[in-house]
Amino acid sequence: MVVSVSWSQSTKESAKPDGFQAVDVEITSPKICADWLDQPELAEKNIVCASFSNTTINVCQGDDGSPLYTNNGGNHYIIGVASWGEKCAQKNSPRVYAKVSAYLDWIQSHAQEN
C-alpha cells in the first residue's frame with residue numbers, strides 16, 4: 001500500500017479541504033496501466049498508476065505535483081509525482097504519476113547544483 005497526499009476532493013466540484021489529506025492507494029499493475037493508457041512503452045518506463053479502489057477521495061485537478069510515497073521502516077520514499085488522470089474522484093479510476101526513479105539521475109544532477 002502506498003499513500004497519495006493532496007487536497008483529496010471527493011468530487012471535482014467540491015470545496016477544497018482546509019489542508020492536505022493522505023489517502024491509501026494501490027499501485028496498478030504496469031499491464032493494467034498500459035491497457036488503460038493504450039501506451040505500453042510509457043507505462044513501463046516513465047510512469048506509475050495508482051488506483052483509489054476503496055474511496056472516492058483522490059487526486060484531482062489542481063493536485064499535480066503531489067507526492068505518491070511509501071513508508072518503509074519509518075522512512076518515507078517518494079515513488080511518484082501526480083501528473084494526470086481522466087476521471088476525478090471516482091473509484092477504480094487510475095491516476096498517473098511521473099515515476100521518480102525514471103528521473104533520478106536528472107533530479108540528483110540538478111539538486112547538486114543548488
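The values are calculated or read from the model by the stated rules, or taken from the named source; none is laboratory data. The structure presented is a predicted model; accordingly, all values stated were derived computationally and were not measured. For neighbour counting, all protein chains shown are included, and Cβ atoms are generated from backbone atoms with ideal geometry for every residue, glycine included.
The set of residues in the range 84-107 that are surrounded by fewer than 19 Cβ atoms within 10 Å (Cβ to Cβ) and at pLDDT below 90 comprises Trp84, Glu86, Lys87, Gln90, Lys91, Asn92, Ser93. Taking the listed residues Thr28, Thr70, the one that is modelled with pLDDT under 90 and within 17 Å of Val3 (Cβ to Cβ) is Thr28, with no other qualifying. Ile57 falls short of the stated requirement of being under 15 Å from the mean Cα position of the chain (by Cα) and at pLDDT 90 or above.
Close Cβ contacts (under 7 Å, 6 or more residues apart or on different chains) running from residues in the range 63-74 that are farther than 14 Å from Ser101 by Cβ to residues that are assigned to a loop (DSSP other than H, G, I, E, B) comprise Asp63/Trp7; Ser66/Val59.
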